[in-house]
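Structure first, then comments.
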Amino acid sequence: MSDILTKLKAILRPLGQTHLLMGWDALTHVEREALEQRVQSIDFDQVSELFEKSRIPHEAPAVNRLSPAPVESPHADAAALGRAALSHGEAAVVLVAGGQGTRFRHDQPKGMFEIGPVSGKTLFQIHAEKVLATSRRYGGRLPLLIMTSPATDAETRTYFAERKYFGLPHEDVIFFCQGVMPVVDAVTGKLLLDGPGKMALSPNGHGGTLAALRDHGLFDELAHRGIRHIFYFQVDNPLVKIADPAFLGQHIAARSEVSSKVVPKTQPSERVGVFVLLDGKCSMIEYSDLPESLANLRDEAGRLLFRAANPAIHIFDVAFLKHLAEHGTALPFHIARKLVPYWDGTQIVKPPTNVLNALKFEKFIFDTLPFAERWLLVHTNAREEFAPLKNTTGSDSPETVQPAMSALACRWLEQAGISVPPNCPQEISPLLALDAEELASRVARGTAVHGPKYWE
């Protein structure tokens, strides 16, 4: 018996996890060493605690602990502060891009999905061009930090390199990979396998951003560059106003540690998390945890009282994030039941579609909110800034995202004095204009539009 096998059996037998050694004889020496490293990297006590937690019925917070979180309107006069910070190179962009597009039948990183309604540009290209246009507009360097996962890292790096980083300076595009957690059987708590010697692993959630920034030495890099603010967003939203100077300026003026944009929730049953005050601290509560008695409450104007929905657009104070990451502040893990195929020792088993056989463990970035002494919520219009791509068809799919992108372009064009025929897709390159005002200064009023057009 090899030394590696002896060592692994000594670790796994007391934990009831020796099934992880199935197929050992077929593994190469390199594969055996990789399995040993993976086993030694797992905090089995933590996994066991999370599994036990999954068996306890979840209790939503008591009603008397919750109240609506105050939301501010955008302050246009704060934009000067944001523009100054951008011109001085005091901001960076963090793009969370660890997901694959499996939910909409796309077997590549989600950022490589072609979403442009006329151009066919990918999410990655649209975002990168917005960063480039913003940097050019304000004259300061705006580094783009892209958080990948082990499943998307190599392909994402290659994609950007082959396209010469879409015009961004190579040194200002920084990739860093988030951590992973094992996937476990929802009934037994045993870790699942993808194949011989291959544990089923899942990205540890967007809350893993903190540890990933720390572990890759990026807080030191940001400090070296004089960066004080991180603009954070997720790859699936092509409408996001990257490093919006008005939002950034409002964040700076408030000396906020965490600032978040808010879109209005319109229906009590809408499946979105909302910002609330929980025991007086700003927090995010999932739609399933908001008691029905509160979800249905309305104010004097007939609007939902708890309506501050989360589009996942944030600005973080770098010093605040660094303090959390380097002082061991533990964001909680959230437990999700999922349908996950697994290897049983001889073949890949695909559970029935109605059986959520596995548990995944994720951290969420919004769980930093309760640690903030100073925070800010700012209203934004969903039509202007939120069209997430999550599904193949129906809501939050190309069927809704592309029309939302085209509708925004049409509104900008109409404000610039250009009439667009009905049902005529339009798309505006970020390199031409980042907003309606910039577009109006760059196109001729009264320009004729006869069909679908990509404005560049």
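The values are calculated or read from the model by the stated rules, or taken from the named source; none is laboratory data. All values derive from a computational prediction rather than experimental measurement. Neighbour counts run over all protein chains shown; Cβ positions are idealised from the backbone, glycine included.
The single condition among (1) among the small types (Gly, Ala, Ser); (2) under 30 Å from residue 15 (Cα atoms); (3) crowded, with 18+ Cβ neighbours inside 10 Å that residue 195 does not satisfy is (3). When 247, 219, 233 are screened for being in a strand (DSSP E or B) and assigned by TED's automatic domain parsing to the domain that holds residue 332, only 233 passes.
Looking at segment 375-407, which of the residues that are without any contact (Cβ under 8 Å) to a residue 60 or more places away in the chain and within 19 Å of the chain's Cα centre (by Cα) is farthest from residue 107 (Cα to Cα)?
If we filter segment 375-407 for residues that are without any contact (Cβ under 8 Å) to a residue 60 or more places away in the chain, which is where we start, we get 383, 393-396, 399-400, 407.
From the residues that got through so far, the ones that are within 19 Å of the chain's Cα centre (by Cα) too are 395-396.
On the way: 395: 20, 396: 18 Å.
So the residue we want is 395.
Residue 309: surrounded by 18 or more Cβ atoms within 10 Å (Cβ to Cβ) and farther than 30 Å from residue 323 by Cβ, yes or no? No: the conditions fail for residue 309. Here 241, 281 are screened, and the one residue that is in contact (Cβ under 8 Å) with a residue 12 or more places away in the chain and touching a Ser or Thr at 6+ places or on another chain (Cβ under 9 Å) is 241.
Looking across 60, 92, 97, 79, one residue alone is touching a Leu at 6+ places or on another chain (Cβ under 8 Å), among the hydrophobic types (A, V, I, L, M, F, W, C) and surrounded by 17 or more Cβ atoms within 10 Å (Cβ to Cβ). It is 92.
Restricting to segment 284-302, and then to whatever is assigned to a strand (DSSP E or B) and surrounded by 20 or more Cβ atoms within 10 Å (Cβ to Cβ), can you tell me which residue is nearest to the chain's Cα centre (by Cα)? Spell out how you get there, then give the answer.
To start, the set of residues in segment 284-302 that are assigned to a strand (DSSP E or B) comprises 284-285, 298.
The next check asks that each one be surrounded by 20 or more Cβ atoms within 10 Å (Cβ to Cβ); those that pass are 284-285.
Numbers: 284: 15, 285: 17 Å.
Selected residue: 284.
(1) more than 25 Å from residue 256 (Cβ to Cβ); (2) of a type outside the set (Ser, Thr, Tyr); (3) within 21 Å of the chain's Cα centre (by Cα): which one isn't true of residue 316, the others all being true? It fails just one condition, (1). Checked across segment 256-269, the condition of being modelled with pLDDT under 95, assigned to a strand (DSSP E or B), crowded, with 18+ Cβ neighbours inside 10 Å and assigned by TED's automatic domain parsing to the domain that holds residue 116 holds for no residue. Of all residues in segment 321-347, those that are under 18 Å from residue 23 (Cβ atoms) have Cβ atoms under 8 Å from Cβ atoms of residues that are among the polar types (S, T, N, Q) and surrounded by 13 or more Cβ atoms within 10 Å (Cβ to Cβ), 6 or more apart or on another chain, in 342/357.
Selection of first residues in segment 146-158 that are without any contact (Cβ under 8 Å) to a residue 60 or more places away in the chain and at negative phi and of second residues that are small (Gly, Ala, Ser) and exposed (fewer than 15 other Cβ atoms within 10 Å of the Cβ), restricted to Cβ pairs under 9 Å at least 6 apart or on distinct chains, gives the following pairs, ordered by first then second residue: 148/154. Criterion applied to 20, 27, 5 was being under 32 Å from the mean Cα position of the chain (by Cα), surrounded by 11 or more Cβ atoms within 10 Å (Cβ to Cβ) and not assigned by TED's automatic domain parsing to the domain that holds residue 194, and the one residue passing it is 20. Taken over segment 24-37, the criterion of being more than 16 Å from residue 13 (Cα to Cα) and part of a helix (DSSP H, G or I) is satisfied by 25, 26, 29, 30, 31, 32, 33, 34, 37. Across segment 142-151, what is the total count of residues that are more than 14 Å from the chain's Cα centre (by Cα) and surrounded by 23 or more Cβ atoms within 10 Å (Cβ to Cβ)? Of the residues in segment 142-151, 3 are more than 14 Å from the chain's Cα centre (by Cα) and surrounded by 23 or more Cβ atoms within 10 Å (Cβ to Cβ). Might you let me know whether segment 188-202 holds any residue that is in contact (Cβ under 8 Å) with a residue 24 or more places away in the chain and part of a helix (DSSP H, G or I)? So far as segment 188-202 goes, no, none of its residues is in contact (Cβ under 8 Å) with a residue 24 or more places away in the chain and part of a helix (DSSP H, G or I).
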